[in-house]
Amino acid sequence: MADEPWRANFPVCTDPVSKLQHLIIWQKPIEDARAELGVLPTMCHVVGMDRKGQHRKFTISVAEYRTALLSPKHMIEANTIRGPSGVLVDHTGEALR
């Protein structure tokens, strides 16, 4: 049986300062000072990568992150990235010489 391709859904959010879209790779809610009263966090820190490959950390609302997380349109499929163990490969999986 052939291997099924790996599929991963990454949320894409817009940095409020630079107005660039970023592929979010890490998210952490900002704890509310009133947490002992049962107040849920409303903002979160995220780290994302833009189209040029630059990583940025910025703050967005948890609601915006969850909306982006549930969006099915940012799916990455990796089924052709294969090569012999221990060699560098290009985006098609061919070994670099």
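What follows is calculated from the coordinates using simple rules that are stated; it is not laboratory data. Remember, it's a predicted structure, so these values are computed and weren't measured experimentally. When we count neighbours, we look across all protein chains shown, and the Cβ atoms used for this are built from the backbone with ideal geometry, even at glycine.
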Amide H within-cut-off set for residue 43, under 5 Å, with H built and near neighbours excluded:
30, 62
Amide H contacts under 5 Å for residue 10, restricted to residues at least 5 apart in sequence or on another chain and with H modeled in the peptide plane, are 76
Summing +1 for each Lys or Arg and -1 for each Asp or Glu, what net charge is found among the other residues whose Cβ lies under 12 Å from the Cβ of residue 14?
-1
Give me the three principal axis extents of segment 9-74 from the C-alpha atoms, as integers in angstrom, largest value leading.
42, 24, 17
Amide H of residue 20 versus every other amide H placed in the peptide plane: which residues, excluding those fewer than 5 positions away on the same chain, fall under 5 Å?
15
Please list, in order along segment 13-24, the HN-Hα scalar couplings obtained from phi with the Karplus expression 6.51 cos²θ - 1.76 cosθ + 1.60 (θ = phi - 60°), rounded to whole Hz, x for Gly and Pro.
10, 9, 5, x, 8, 7, 6, 9, 7, 10, 7, 7
In whole Hz, the Karplus estimates of ³J(HN,Hα) for segment 46-56 (6.51, -1.76, 1.60; θ = phi - 60°; x where Gly or Pro) are 9, 10, x, 10, 8, 5, 8, x, 7, 8, 9
I need to check one value: relative contact order of segment 9-74, counting alpha carbon pairs closer than 8 Å and at least 6 residues apart, in percent.
35
